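Notes to accompany the following structure.
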Amino acid sequence: MWSRLGALLQQAVESREPAQDLLQSFVQHWRGVTQYYLETTDESRNARDTDIPWRLRQLLDILVYEERELKNGENGDPAGVGDPAGPCMEYLLQHKILETLCTLAKAEYPPGMRQQVLLFYSRLLTKVQRPLLHYLSVHRPVQKLISLAGQPGVTDRKEELQFLSAVCAKLEKDPSLLIHVLEAEAGGRSGGAEQEDEGSSAAPKRKPRQNLFKALLRLCNCRSQKGKLAVKAREALLAVLRAAQEEGPVNLIARSDLSTLVAEHLCELSACIPATTHPYDITIQEDTGWRTELGTEDKDNIGEHAALRRFFCWVEYCDWLVRESHEVIGTAISRSVAEKYLLGVLQPELLEVSELSILRSTALLTALFQHLAASPLLQQLLSFVLGEDTDPEKRNDRRPPLRAQLIQRCNHLSDEISLASLRLFEVILQLPSEIALHNLVTRNLETRGYLSGAQDESKGLDGDAWEGTEELEEDPYFTEGFSDNELRLTERNPKQRAEPAGREQSVRSFLSLVPEEMKSSDSGYDSYLQDALVQYQVLCKVTSRWKWPLTPHPLLAGHQGQEFYEGHFLEVLFDRLGGILDQPYEMNLLATSLLGRLALFPHPHLQEYLLDPFISLAPGARSLFSVLVRVVADLAQRSLRVSRFQETLCLVKRQLLGDSPDVQLSHTTLCRGVVVLEEFCKELAAAACVTHHPLPN
């Protein structure tokens, strides 16, 4: 019967029956829907087993055909907002058909009616090109239907997503329509037939509806087959935020609870991560991508690994929302994440005293830095970890507490906590962030208080101070891999132009710091040169927009006599370096890696403080070179108490390189520390060399 009626309607459509006949057909099909409720006696019969779905399709087909006929009229233009609607569309709007359908969907009568109504709305918004959401008789039932979407326990997620995606597609095309979807219910407002927007002037006084974002976010996180619905819901929300760039829609979204909802879900996912999750499982999490979340049927989508994947998937999605949204919206989301998750959830975990809790929360914090790329979120995360102070630090001032705890843990009694904390700051220093470097290091070097008052900047070192310096220019380890132009003194540092031997002396001082009888090999530092040059070039490019000084600031008389403090971060790193002969191998590698990276940053004070062995230090001040000198002095005393020290050292070096069987040797920790010390001095020599080179054009 349905196919026969469909054929008759199609025949009527193809014969271009008059508009009045179309309207009669439209009215007839709508009465067929309403007649069902008057005649049916079987309340358990599913809607799909009735003629309701067919009649709704006929209603839609008539509306689409009517619009096409209007479009192909005399002017040939598509129907617009100001163009008159056809008689069938007028009937739909004036007789509140959409309102009625929404009521039937809410009542879910007959069973499955909600699904049929969602499909009708989806097709109406998708196939009818005429803008509809500005009509009160359209956007009011759309709002009500949105409020039904995403509710727990329903089975028609697919139809919900189709409906919400259709709404979002309209909003993406015209973000000004957001006011009709997000506006609040106005008390006492009388319903009309066809009603235009009452004006946006009253909208800012109302709190926006949250139903659209709540429904989308529920679907964003539903675990359906292979997570496809969740991905599509995220794409729909992202498209709306990406399109909303005008002031009105931006402010409307910013005033909504979107940012709160996003942050609250992050907290919920964090709570789902088992407290027993091993920190290693957190650190090995790969970039999942918010488009690739697994579904419930996947065998790996259970337990702590699944909880971690869902958490970081949402972290990356938050990052995309902030990155693609207008700055005002992105800032609102970032602040909510900082307030609700960072301060409300993560900070208490970071400040716990349990070793497992510290390791777990530190691993999560490190992973957050690795998964985020959007600037506002990174700024909030850096502010959360480091605080917002910009003035030089004072000794024993441990504010803010979280920053002090995280830095101090780099020198913790527990080696595991120390390693985890060092890895955290290693990741932070790899960020292209001037704030991070200023907070941790450079703010304490601004006055150059590490120099003694008798420092004479214009005076170079005596040419006889370092015997054999003139041979350095012929040293193949020094010149290999660099052109003549690359070996010229840099234009960044006038001091070095007036002091041609300064670079060579700095390099030689680092290379000769460890005595020959305490070295594991006689190799030079050529293996570090090319890598150091590449890193230096990258850092120069990154920092070129940071407005760093090209030359050191002049020494100010007002700062003479003040105690110099290198800052908490360098203090802890220097302490770690001072214990290099007694620490685990991995600890030494991390500590020297951090100091080596800092030495390559093209800040004149940082390079002077870390790479110039000849500065005259203020009383009580220490530099990187002075710490190394003390370590070497300690090594000289301890090596005398080890029989056949150099032979043992060479065996340990071969074991580290994998060239010798891993047999038990005495004084292994000491020898491994010496190997790291020796290689670190070569690394610093390479840094001292390349930081004096002009960068190629």
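Data for the structure
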item: Test set (1) closer than 22 Å to residue 326 by Cβ; (2) over 20 Å from the mean Cα position of the chain (by Cα) - residue 238 fails condition number; result: (2)
item: Matching residues in the range 526-539 - criterion: being in contact with a Phe, Trp or Tyr (Cβ under 6 Å, 6 or more places away or on another chain) and closer than 30 Å to residue 649 by Cα; result: 526
item: Qualifying residue in the range 418-441 (condition: on the phi > 0 side of the Ramachandran plot and either without any contact (Cβ under 8 Å) to a residue 40 or more places away in the chain or part of a helix (DSSP H, G or I) (or both)); result: no
item: Qualifying positions in the range 518-574 - among the acidic types (Asp, Glu) and either outside any loop (DSSP other than H, G, I, E, B) or touching a residue at least 12 places away in the same chain (Cβ under 8 Å) (or both); result: 526, 531, 563, 566, 571
item: Residue within the range 424-446 that is at pLDDT below 95, open to solvent by 10 Å² or more (accessible area, probe 1.4 Å) and charged (D, E, K, R) present; result: yes
item: Close pairs (7 angstrom Cβ cut-off, 6 or more residues apart or separate chains): closer than 13 Å to residue 673 by Cβ in the range 644-655, among the charged types (D, E, K, R) and buried (at least 17 other Cβ atoms within 10 Å of the Cβ) anywhere; result: 652/672
item: The lone exception for residue 683 - which of (1) touching a residue at least 12 places away in the same chain (Cβ under 8 Å); (2) over 14 Å from residue 577 (Cβ atoms) it fails; result: (2)
item: Options 217, 241, 252; residue that is within 25 Å of residue 306 (Cα to Cα) and either buried (at least 19 other Cβ atoms within 10 Å of the Cβ) or at pLDDT below 95 (or both); result: 217
item: Test: residue 359 is aliphatic (A, V, I, L, M), over 22 Å from residue 278 (Cβ atoms) and either surrounded by fewer than 17 Cβ atoms within 10 Å (Cβ to Cβ) or at pLDDT 95 or above (or both); result: no
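The values are calculated or read from the model by the stated rules, or taken from the named source; none is laboratory data. Note that the structure is predicted; figures quoted are calculated from it, not measured. No Cβ is skipped: glycine too gets one built from the backbone with ideal geometry, and neighbour counts run over all protein chains shown. Heads up: the accessible areas ignore ligands, DNA and RNA and are worked out on the full protein's heavy atoms, side chains in. Shrake-Rupley method; radii C 1.70, N 1.55, O 1.52, S 1.80 Å.
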